[in-house]
């Protein structure tokens, strides 16, 4: 019996090879993929084949062509579960991104903090530590947060390093176990001052998330108010 | 027999009166509601009662207090729980609105329907009934939905009256018990064709919600794709 030669077209094999680099994170969202000319040179193919390779990757949703600028790895939306207590850090790692954080401001509010979440007013007695941070995935700004942390429950927390997960600090340094998070999701147009942080020129829709985090019944550990960019995030929810 | 005088507290009657003004649009989102002093003067009540009136309106979700500035009519006045299986009809009634529905289109898809929700593809075998509806609260268009219903599980459902709750039809007519809903929330700018349905001239941010509803393990009863106007809706979620 003769062996059947499998006729897989060259454009397909090469597009799969480049997609493999995206999957493995060698090419990350926002990065330019090889141009038509680069493909012709590196893979020794015709310009028709090179064009087919780029079209194949685009129609499969891996890349997007920006007129006059090139072809780029797409920003795949990050999915965030709203049913699980989940740190930004863990969420990003799960999606194959490298999380990082820039602390913008930190100060003590001696009078405390209070806000309404899901039709109930929560009051945090002072002192409260207010911290303003910008969170990145692979150096792309994803989320801007203001968190109000109980200094009654976490004395001296202002002396910690805030460039990682706060949830980690609560657990490791204060042995506080997070029991529940209540959040309220709104959709807003990103305002001018936020656009600046996200390196955006034009306003886009964003999620405004206001939340309260408990560490035991009726014990408010922190409250927060965060802006998640709408072009990057989706939320998954499960109702029963 | 003496007639019993019903003892409705004054603070409640007055808060209902002011809420009535908001419902009727005499006070619109962003407008200031009477201050504590105005209430004391206009309604001839004590400052304790005036404070109770404002608190009552705030906890019912109609107004929000901004420190040092006053109390204002809230922007989005419907809160929808993403943790509970909840019909539009019940959600509106809970918020004191009269729900109504306009059926825009209904047709049978013989080939079935399929979509990706939260990174998993769900396939509904045909025939599937596709129904496009606009849902109102007190005659204000709130939500635009396309639902894909299994005709395998709900034979002849196309003959039903679709001006009320579909959940009701599933339960009463087909004795199907909804077990779980998985949803994916995105934020989008409302597109031109949707703006028309909502009687809006300019685009606003909206929630795009794609969901799958189960009636038993892995049994897909329906899938949907809905637009909730962002100026009216907020979602509440609870994570554990």
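Please treat every number below as a calculation from the coordinates, not as lab data. It should be emphasised that the depicted structure is a prediction, and the values quoted were computed from it without experimental measurement. As a convention, Cβ positions derive from the backbone with ideal geometry for all residues, glycine included, and neighbour counts pool all protein chains shown.
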message: Which three extents, in angstrom, do the Cα atoms of the range B:30-150 have along their principal axes, listed largest first?
response: 67, 31, 21
field: Fraction of alpha-carbon pairs over 14 Å apart in the range B:10-73 - percent
entry: 50 percent
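How high is the relative contact order of chain B, given as a whole-number percent (alpha carbon pairs under 8 Å, six or more residues apart)? All intermediate terms of the calculation are to be shown ahead of the outcome.
Details: 417 pairs, mean separation 40.2, N = 240.
Reported relative contact order: 17 percent.
Per the Kirkwood definition applied to all pairs of different Cα atoms, how many angstroms is the hydrodynamic radius of the protein assembly as shown? Display every interim value, and only then the final one.
On the way: mean 1/r = 0.0389 Å⁻¹.
Computed over the protein assembly as shown, the radius equals 25.7 Å.
Would you calculate a helix-derived [θ] at 222 nm for chain B, using -39,500 (n - 2.57) for each DSSP H run of n ≥ 4 and dividing by the full residue count, to the nearest 500?
Numbers: 6 runs with 57 residues, N = 240.
Theoretical 222 nm ellipticity from helices: -7000 deg cm²/dmol.
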- prompt: Between residue A:123 and residue A:41, what is the spin-label point distance in nm, taking each point 7 Å from the Cα along the Cα→C-beta axis?
  reply: 6.9 nm
message: Looking at the range B:78-236, I'd like the Rg to Rh ratio, where Rg is from alpha-carbon atoms and Rh is Kirkwood's inverse mean 1/r.
response: 0.94
query: How far is residue B:238 from itself in the other copies, in nm, if each label sits 7 Å out from Cα along the Cα-Cβ line, shortest first?
result: 1.6
field: Position residue B:121, label points 7 Å along Cα→Cβ, spacing to each other copy in nm (shortest first, one decimal)
entry: 5.2
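Most exposed first by the Cβ proxy, i.e. fewest other Cβ within 10 Å, how do A:110, A:132 rank?
In order of increasing Cβ crowding within 10 Å: A:110, A:132.
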field: Calculated FRET value between residue A:105 and residue A:165, using beta carbons and R₀ = 25 Å, to 0.05
entry: 0.85
- line: One decimal, nm, nearest first: from residue A:164 to the same residue in each other copy, label points 7 Å out along Cα→Cβ, the values are 5.7
statement: Shielding of A:185-194 by other chains, given as the mean Cβ count within 10 Å, works out to 5
